[in-house]
Amino acid sequence: MRVPGHGNSAEVRRRIAVQAARLIAEQGLRDYHAAKLKAAQLLGLGEQAALPRNVEIEAALREHQRLFQAESQPGNLRRLRDVAVEAMRFLESFQPRLVGAVLDGTADEFSAVCLHAFSDQQEQVIRFLGEHGIPYELQDRRLRFGGNPDKEFPVLLFSAGDTVIDLTVFPLDGLRQAPLDRISEHPMQRAGLQRLLEIRDANGTGEQSSRP
């Protein structure tokens, strides 16, 4: 008899990845690490179970969306990209860049539009929202850059209709180096407005795209 959490580690990782992808897609659980742990618990696996890497979860998420959300996910993705276009036009003076699930094609009904904006004075961005009567929530986010220590950046959360805009504010020189992606552990893919328009229009049916 096998002890839960032991056995073929590749098969254990696959099972956890599939369950984690289901939690992300159907319950909106956005934290990949939390999704791994909850998936292992739901599967009755021990604490020492071999957890999948984030790239394995993303692959399982794409497969889940292809198999079970083929009718809804492309439409949600297209809608969120439309919202991103409007938000980036609105924030044009801060050179916004789109990042995350709306860019890489895994966004769903639970996803926020994640943007990076650039200003040497974060107060300028805050003041800009205030001048347009947009309420926001201010948070902090720690991000990694290669082998350097984590850095903390301000994040402004506000709404565009029913969609959350997640706006991380970097200094102007932040345009030169993107923080590390939580999935690939490589510098984040970023897209300016023109690139987003090209991606959106190339996927006019709303079909899921791979990482750009």
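FYI, it's all coordinate maths here, none of it is from the lab. Since the model is a prediction, treat every value here as computed from it, not as a measurement. Heads up, the Cβs are rebuilt from the backbone with ideal geometry, glycines too, and the neighbour counts pull from every protein chain shown.
Numerical summary
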quantity	calculated
Most to least packed among 33-43, 97-107 [average Cβ atoms within 10 Å]	97-107, 33-43
Alpha-carbon Debye profile of segment 73-202, log10 I(q)/I(0) at 0.16 Å⁻¹	-0.78
For segment 94-105, 3J(HN,Hα) per residue [Karplus equation, 6.51 cos²θ - 1.76 cosθ + 1.60, θ = phi - 60°, Hz, x = Gly/Pro]	10, 6, x, 10, 7, 9, x, 5, 5, 7, 7, x
Amide H contacts under 5 Å for residue 141, placed H, 5+ residues apart	153, 155
In sequence order, calculated HN-Hα J values of segment 129-138 (Karplus, 6.51, -1.76, 1.60; Hz; x Gly/Pro)	5, x, 5, 9, x, 9, x, 9, 10, 9
Contact order relative to length of segment 1-136, as percent, for alpha carbon pairs under 8 angstrom and 6 or more apart	20
3J(HN,Hα) from dihedral phi, segment 155-168, Karplus parametrisation 6.51/-1.76/1.60, rounded to Hz, x for glycine, proline	10, 10, 10, 8, 10, 10, x, 8, 9, 7, 9, 10, 10, 8
Residues in segment 35-54 reached by a label modelled at residue 10 [backbone nitrogen below 20 Å; 7 Å Cα→Cβ]	49-54
Residues with amide H under 5 Å from that of residue 166, placed H, sequence gap 5 or more	113, 114, 115
Within a Gaussian network of the chain (alpha carbon springs, distance under 10 Å), most fluctuating of 54, 148, 76	148
Distant-in-sequence amide H partners of residue 119 (H built 1.01 Å from N, under 5 Å)	170, 172
